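Just below is one structure, and these are the notes that go with it.
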Amino acid sequence: MSDRPSHSDDEPAVPDEDGDSRGDADGDPVGEGVADDEPRESITEGSLVRPLFHLAWPIVVIQLLQVTYNIADTLYLGRLSADAVGALSLAFPLVFLLIAVAGGFTTAGAILVAQYTGAEGDESAGLVVGQTVTFVGFLSVVLGIAGYFYTRPALSILPSDPDTSADVIPLAADYMEIIFLGMPFLFGFFVFSALMRGYGDTRTPMYVMVVSVFANVLLDPFFIFGFDGNPLFTWAGLFDLEASLLSATGFAGFGIEGAAFATIIARGGGTAIGLYLLFASGVGPAVQFSHLRPDLSFIEDIIRLGTPSMVEQSTSALAMVTLTAMVVTFAPPVVAAYGLGNRIISLVFLPAMGLGRAVDTMVGQNLGAARADRAERSVWLAASTGAGVMLLVAVVAVLFPEPIVSVFLGDVPNAPETIENGVNYLRVRSTEFAFIGITQVMLGAFRGAGNTKIAMSISIITLWVGRVGTVGILVFVLGWGATGVWVGMAVGNLVGAAVSVPWFLRGTWRETFIDEEDVDRGEVEPDAEDPSSVMPEGAGED
């Protein structure tokens with residue numbers, strides 16, 4: 001790794017809005033007059049607030065839209081049955097487990113794109129994009145096939161309440177088998193989004209996500225209910241039209257499997273658009289179809305960075321699976337409350353996640369541009385902002401837990417018990433919200449610097465010591481019941497913040513993953529037989 005100076009000794013320094021000194025040979029600020037769509041200049045020059053905000057808000061919207069996928073399924077399936085909601089809560093951790101394996105390598109691609117972009121290695125950044133798409137695409141096919149064949153056996157070994165085993169687990173298996181078959185379509189958008197984020201463009205993935213979510217919201221009720229109790233017809237008061245369509249077609253939907261079909265179709269469309277934009281429209285790094293051919297040097301870097309990130313995300317998913325295995329020992333209302341609560345927390349999580357992912361781009365590009373001090377200031381700005389925003393969200397959650405939980409359930413069996421457990425869940429977990437903001441930003445900083453091993457270590461401590469370990473003690477040793485689950489989950493991020501902040505203060509993250517001599521390793525050598533390829537600058541000009 002390199003430790004390059006931020007600028008040469010004879011370079012005139014011009015303070016930017018944050019007091020940084022950065023100039024060109026004439027003493028003019030670098031990047032002045034550059035268009036807003038030039039991501040490197042906006043991230044490595046000028047105010048920290050503006051690029052942080054411009055990167056973070058589309059990420060928050062993307063994650064909000066991602067949650068909308070899950071919430072749409074939950075809302076519609078909540079009107080099908082409480083068991084269907086419980087099945088969805090069981091399905092998600094195991095789906096996430098296999099997605100996390102490929103996701104670690106996507107994170108590696110984003111880190112490399114960010115650092116090469118900051119160091120002006122544009123051709124290398126494009127090559128990283130192609131190699132990441134190829135490598136992760138192959139993994140998603142392999143993992144999708146494995147997931148399809150091992151879903152039902154994996155669920156069958158979960159210790160569970162008899163009612164949960166009979167009513168919920170078979171539904172979860174039906175849902176997951178379809179999801180795994182469509183995993184390449186599901187994961188393609190995440191590849192596109194992560195690579196564009198590393199480049200500094202978070203708006204384009206947001207626009208693609210809007211299209212995909214809109215399609216999912218429309219497709220969900222038709223695939224789940226068909227023309228028999230379809231909520232869209234109910235909300236519109238079109239009962240006669242629905243009855244006529246049911247009589248004419250006999251289509252009553254696919255139930256929980258319909259939610260999986262709708263998700264795959266909508267995700268597949270988003271993936272197709274994203275890949276088209278990357279390879280055919282000139283959006284993002286300078287990637288070409290030839291970059292899809294495997295290049296071992298780049299793949300080695302992706303594996304070196306991606307393996308710790310894969311372990312981090314996989315152990316996170318395993319922690320969710322372990323917690324789910326603990327929860328299914330309770331009755332269905334607790335299982336459903338756990339699923340609903342996790343959906344709500346995924347919404348609460350959005351500001352922290354947006355800031356964390358914005359920071360990994362800012363740290364990556366600023367370290368690539370040899371501006372470690374600026375990278376550090378961006379981290380502290382994001383951490384303080386995240387803690388403040390999340391504290392406000394916690395106040396809302398404490399004051400209005402029942403209305404928030406109730407919106408996710410219709411008039412279905414066990415609804416009162418599910419709501420009661422969900423309210424307790426939300427109140428307890430609100431105590432950790434500010435610490436979520438801090439922990440996510442710190443993890444983003446380590447990832448952006450290429451220190452994925454540190455991020456992995458902190459994540460494992462947070463989830464397995466702070467969360468899973470605490471839940472196990474409170475539930476099975478101290479006998480706290482469902483409350484022990486809620487309290488133990490809240491403890492995790494308190495531990496994460498307590499570990500990550502001192503680790504960040506050590507400053508060991510300040511070096512880049514890429515070496516200075518590697519910045520242009522993706523450049524194509526001039527063709528010696530083509531005189532135009534070596535024509536002097538200005539030759540041939542009038």
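Results for (1) crowded, with 19+ Cβ neighbours inside 10 Å; (2) in contact (Cβ under 8 Å) with a residue 12 or more places away in the chain; (3) under 29 Å from Pro58 (Cα atoms), shown as yes or no for each residue.
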{"position": "Arg203", "(1), (2), (3)": "no, yes, yes"}
{"position": "Val210", "(1), (2), (3)": "no, yes, yes"}
{"position": "Asp220", "(1), (2), (3)": "yes, yes, yes"}
{"position": "Gly226", "(1), (2), (3)": "yes, yes, no"}
{"position": "Thr234", "(1), (2), (3)": "no, no, no"}
{"position": "Phe254", "(1), (2), (3)": "no, yes, no"}
{"position": "Ile265", "(1), (2), (3)": "no, yes, yes"}
Ser297 being surrounded by fewer than 19 Cβ atoms within 10 Å (Cβ to Cβ) and within 22 Å of Val405 (Cα to Cα): no
Taking Ala383 as meeting all but one of (1) in a helix (DSSP H, G or I); (2) at pLDDT below 90, write down the number of the exception. (2)
Of the residues in segment 72-118, those that are closer than 21 Å to Phe135 by Cβ and at pLDDT below 75 come to Val95, Phe96, Leu97, Leu98, Ile99
Members of segment 368-426 found to be surrounded by fewer than 18 Cβ atoms within 10 Å (Cβ to Cβ) and among the aromatic types (Phe, Trp, Tyr), listed by number: Trp380, Phe400
Some residue of segment 16-37 being among the basic types (Lys, Arg), under 30 Å from Gly130 (Cα atoms) and modelled with pLDDT under 85: no
Filtering helices (runs of 4 or more DSSP H) wholly in segment 222-284 for at least 1 residues that are within 25 Å of the chain's Cα centre (by Cα) gives 256-280
Tell me which of these Leu155 doesn't satisfy, since it passes every other one: (1) crowded, with 21+ Cβ neighbours inside 10 Å; (2) within 23 Å of the chain's Cα centre (by Cα). (2)
Residue pairs, Cβ under 8 Å, 6 or more apart or interchain, first in segment 44-70 and crowded, with 23+ Cβ neighbours inside 10 Å and among the hydroxyl-bearing types (Ser, Thr, Tyr), second outside any helix (DSSP H, G or I) and modelled with pLDDT of 85 or more. List them. Thr44/Ala369; Thr44/Arg371
Here are Met326, Met320: which of them is aliphatic (A, V, I, L, M), more than 19 Å from the chain's Cα centre (by Cα), in a helix (DSSP H, G or I) and at pLDDT below 90? Met326
Being farther than 23 Å from Ile458 by Cβ and surrounded by fewer than 15 Cβ atoms within 10 Å (Cβ to Cβ) narrows it down to one of Gly274, Gly282, so name that one. Gly282
Could you list, in sequence order, the residues of segment 194-215 that are over 14 Å from Leu64 (Cα atoms), part of a helix (DSSP H, G or I) and not aliphatic (A, V, I, L, M)? Arg197, Gly198, Tyr199, Thr204
List the number of the failed condition for Ser532; all other conditions in (1) at pLDDT below 90; (2) surrounded by 14 or more Cβ atoms within 10 Å (Cβ to Cβ) hold. (2)
Looking only at segment 119-126, decide whether some residue is in contact with a Lys or Arg (Cβ under 9 Å, 6 or more places away or on another chain), farther than 28 Å from Phe254 by Cβ and modelled with pLDDT of 85 or more. no
Contact list please: Cβ distance under 6 Å, first residue in segment 481-492 and closer than 15 Å to Arg427 by Cβ, second residue of a type in the set (Asp, Glu), pairs at least six apart or on different chains. Ala490/Glu432
Would you check if Gly339 is crowded, with 24+ Cβ neighbours inside 10 Å, assigned to a helix (DSSP H, G or I) and out of contact with any Ser or Thr (no Cβ under 8 Å at 6 or more places or on another chain)? no
Any idea how many residues of segment 476-514 are surrounded by fewer than 23 Cβ atoms within 10 Å (Cβ to Cβ), more than 23 Å from Thr322 (Cα to Cα) and not aromatic (Phe, Trp, Tyr)? 9
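The values are calculated or read from the model by the stated rules, or taken from the named source; none is laboratory data. None of the values given here were measured: they were computed from a predicted structure. With ideal geometry, Cβ positions are generated from the backbone for all residues, glycine too; neighbour counts draw on all protein chains shown.
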